[in-house]
Amino acid sequence: MTHASITLAGGCFWCLEAVYEQVRGVVSVESGYANGTLAQPSYEAVCTGRTGHAEVVRVVFDPAQVSLADLLRVFFVIHDPTTLNRQGNDVGTQYRSGIYWHDEATQRPVIDTVLAEVRHALTAQGAPDLVTEAEPLRAYWPAEPEHQHYFARHPHQGYCAWVVAPKVDKFRQVFASLVRPDAAG
């Protein structure tokens, strides 16, 4: 079985991780930091906004079960790709919207196609344009253990209950066919 990986930034990594852990065909999700300048950054350092890193999730998936295009369509529904360096009350470059490919030859054409779909839909709605960056993955570092599987371990914590849970619910409603059969509901 051959797996593929994509790394995504869409605000707080807890939100993205919580959703992608429920997607059929996703093998693993790891929260981390990418495309910054500091080696082995800490959460505290990234939160200053001075390291250049984005909070990201590395999604390993089985392309025979879920396509990269579907993973990206989920991505664009669960965050706002039109706000620069911001998702809700989370503000700073670490909360930017980004897609970081692992294999340009196979992933970039899919990314470009989905970006064009989303741009077309936003234009039709009269919404602002995308600010999502699409770049090669550089300098990925896993986040600290306490940030891994955060929503699964702390579903009633305030941020999880008020910010993460609605994104998980939205995913489950919009993409019911992509929900893992074993995902808690």
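The values are calculated or read from the model by the stated rules, or taken from the named source; none is laboratory data. The structure displayed is predicted, hence computed values, not measured ones. Virtual Cβ from ideal backbone geometry, glycine too; neighbours counted across all protein chains shown. Only protein heavy atoms, including side chains, enter the accessible area calculation; ligands, DNA and RNA are left aside. Shrake-Rupley method; radii C 1.70, N 1.55, O 1.52, S 1.80 Å.
Can you check what the net charge comes to around ALA54, using other residues whose Cβ is under 9 Å from the Cβ of ALA54 (Lys, Arg +1; Asp, Glu -1)?
Numbers: positive: ARG96; negative: GLU55, GLU133.
Combined, the nearby Lys, Arg, Asp and Glu give -1.
So what is the accessible area of the range 1-150 per residue, in Å², with the probe set to 1.4 Å? Could you put the intermediate results ahead of the total?
Numbers: 6390 Å² over 150 residues.
Counting only protein heavy atoms, the per-residue value for the range 1-150 is 43 Å².
Given the options ARG50, ARG86, ARG58, which has the most mean-square fluctuation in a GNM of the chain, springs set between C-alpha atoms less than 10 angstrom apart?
Of ARG50, ARG86, ARG58, the most mobile in the Gaussian network model is ARG50.
Running a GNM on the chain with Cα contacts under 10 Å, which residue among LEU122, LEU71, LEU130 ends up with the highest mean-square fluctuation?
LEU122
Give the Debye-formula value of log10 I(q)/I(0) at each listed q (0.12, 0.19 Å⁻¹), with one equal scatterer per alpha carbon of the chain, two decimals each.
With no solvent term, the Cα-only Debye profile gives -0.52, -1.43.
Which residue fluctuates the most in the chain, going by a Gaussian network model with Cα springs under 10 Å, if the choices are THR51, THR106, THR83?
Looking only at THR51, THR106, THR83, the biggest GNM fluctuation is shown by THR106.
Using a 1.4 angstrom probe on the protein heavy atoms only, could you order THR113, THR82 from most to least accessible area?
Values: THR113 80, THR82 30 Å².
Output order, biggest surface exposure first: THR113, THR82.
Kindly sort PHE171, PHE76 by accessible area of their heavy atoms, largest first, with the probe set to 1.4 Å.
On the way: PHE171 0, PHE76 25 Å².
Descending order: PHE76, PHE171.
Can you tell me what share of the DSSP beta bridges in the chain is antiparallel? A percent to the nearest 5 is fine. Present the calculation step by step, with values, prior to reporting the outcome.
On the way: 22 of 26 bridges.
Just about 85 percent of them are antiparallel.
Calculate, for GLU44 and ARG138, the FRET efficiency according to 1/(1 + (r/R0)^6) with r their C-beta to C-beta distance and R0 25 Å; round to the nearest 0.05.
Given R0 = 25 Å and the Cβ-Cβ separation, E is 0.75.
Could you work out what % of the accessible surface of the range 96-164 is carbon and sulfur, using a 1.4 angstrom probe and leaving DNA, RNA and ligands out of the count? Display every interim value, and only then the final one.
Values: 2370 of 3920 Å².
On the range 96-164, the fraction of accessible area on carbon and sulfur atoms equals 60 percent.
Let's test the formula: R0 of 35 Å, r as the Cβ-Cβ distance of ALA127 and HIS102. What FRET efficiency results, to the nearest 0.05?
On the way: r = 29 Å, r/R0 = 0.84.
The calculated FRET efficiency here is 0.75.
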